[in-house]
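This report refers to the structure that appears directly beneath it.
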Amino acid sequence: MNKRRLMVPYVLLLTMLLASSTALGQGGFGEADADEDGKVSASEMETYVSGKLTDFDKHKELMEALDTDKDGSLSAEEFENRMEAVQGLMGGVAAGDDSGSRRGRRGNRRPEEGALKVGDVAPTFTLKSLDGDSETDLAEFRDQKPVVLIFGSYT
Amino acid sequence: MNSVGTIEQMFQDYKDVAEFRMVYINEAHAADGNWPVEYAREKGINEHTNYGERCTTAQMLLDEKQLTIPCLIDGMDNAVNEAYKAWPDRVFLVRTDGVLAVAAARGPWGFEPGLEAASEWLAHFKETGEEPELPASDKEEGEESDSQDDDQR
């Protein structure tokens, strides 16, 4: 399957790019298999992932996604798919619909419609500043300065 | 949010040549949301029910991480978040012609590559005064694999 052939360079590329941030690509099977029985159990996987992604708690879903032969543990081969599986779980929330609110549907893996990419025109908007003293209208920077937008939250 | 030190540093380095705005949106890991984390429970951070709550939590972030980057608050309609498909966190760079030069992947996987891409763009811009050319291919800056979302089952 095409996906399989793409997996290895994809995982390597992700590993390189994420080396400075999450370490899920580093430390392999040997690190996860704490009791060295040749397979990674659900609890070993949870320990392993929690040590690398402190705010990931979809361990049950991750095990289900990775344990393709359903024997309750992960072989080295099943374990190899962890990065794609985690990313799939993280990217599975349809952010465009409900922005991650509790009404959102978990595990929705529909590709994002109209997802923005390089070369697209940035949607204009006007928002108030935190201190309430000013407003920013994205359009006012046209032909003036580039704008870096960082979307995020406390948690 | 991760990488806040990097964000502040980038702001300090390039604020003379570019505008920076943090856009505070709804929580990534609210205690009563889909992706709760322990410290959200400890700090009682739930989904914002009104604009004031969103502002309060945003202020917490700025205070604790000592960020001076200007911060905007998304309305409770989450309109800007949705327009940019930004949740949980995401990095963009808008050129002076209004076109996106950086549109990183959402979430932790794309965030740091997005910051790096923005840094490189800004470094070039600051040195040469010219905005880098957009890449010729469809590949996004700061996103390592296109159509990875389309591969999701």
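Please name all residue pairs, on different chains or six or more residues apart, with Cβ atoms under 8 Å, provided the first residue is in segment B:56-71 and is at the interface with chain A (Cβ under 7 Å from one of its Cβ atoms) and the second residue is surrounded by 14 or more Cβ atoms within 10 Å (Cβ to Cβ) and β-branched (V, I, T).
Every condition considered, the pairs that remain are B:T57/B:I45; B:A58/B:I73; B:L61/B:V4; B:P70/A:T136; B:C71/B:V23.
Just checking: which of the strands (runs of 3 or more DSSP E) contained wholly in segment B:1-112 hold 3 or more residues that are buried (at least 19 other Cβ atoms within 10 Å of the Cβ) and aliphatic (A, V, I, L, M)?
So the answer is B:90-94, B:100-103.
Would you be able to say whether some residue in segment A:59-73 is modelled with pLDDT under 85, within 13 Å of the chain's Cα centre (by Cα) and farther than 28 Å from B:V23 by Cα?
No: segment A:59-73 contains no residue that is modelled with pLDDT under 85, within 13 Å of the chain's Cα centre (by Cα) and farther than 28 Å from B:V23 by Cα.
Restricting attention to segment B:106-118, report how many residues are more than 7 Å from every other protein chain (Cβ to nearest Cβ) and in contact (Cβ under 8 Å) with a residue 40 or more places away in the chain.
2
Which residue pairs have Cβ atoms under 6 Å apart, sit 6 or more places apart or on different chains, and have a first residue in segment B:5-33 that is at pLDDT 95 or above and a second that is of a type in the set (K, R) and surrounded by fewer than 22 Cβ atoms within 10 Å (Cβ to Cβ)?
So the pair list comes out as B:V17/B:K126; B:A18/A:K145; B:E19/A:K145.
Would you mind telling me which numbered condition in (1) modelled with pLDDT of 90 or more; (2) more than 7 Å from every other protein chain (Cβ to nearest Cβ) A:D98 fails?
All conditions pass for A:D98, except number (1).
If A:E78 satisfies all but one of (1) modelled with pLDDT of 80 or more; (2) surrounded by fewer than 16 Cβ atoms within 10 Å (Cβ to Cβ); (3) of a type in the set (D, E), what's the number of the condition it fails?
The failed condition is (2).
Residue under question is B:E120, and the condition is that it be surrounded by fewer than 21 Cβ atoms within 10 Å (Cβ to Cβ) and in a helix (DSSP H, G or I); does it hold?
It is true that B:E120 is surrounded by fewer than 21 Cβ atoms within 10 Å (Cβ to Cβ) and in a helix (DSSP H, G or I).
When segment A:137-155 is examined, which residues are found to be assigned to a helix (DSSP H, G or I) and either surrounded by 14 or more Cβ atoms within 10 Å (Cβ to Cβ) or touching a residue at least 24 places away in the same chain (Cβ under 8 Å) (or both)?
Result: A:L138, A:E140, A:F141.
So which residues in segment A:13-45 are acidic (D, E) and either at pLDDT 90 or above or in contact with a Lys or Arg (Cβ under 9 Å, 6 or more places away or on another chain) (or both)?
A:D33, A:D35, A:E36, A:D37, A:E44 - these are the residues of segment A:13-45 that are acidic (D, E) and either at pLDDT 90 or above or in contact with a Lys or Arg (Cβ under 9 Å, 6 or more places away or on another chain) (or both).
For segment B:18-53, name all the residues that are among the charged types (D, E, K, R) and in contact with a Gly (Cβ under 9 Å, 6 or more places away or on another chain).
Across segment B:18-53, the qualifying residues are B:E27, B:E47.
The values are calculated or read from the model by the stated rules, or taken from the named source; none is laboratory data. The structure displayed is predicted, hence computed values, not measured ones. Heads up, the Cβs are rebuilt from the backbone with ideal geometry, glycines too, and the neighbour counts pull from every protein chain shown.
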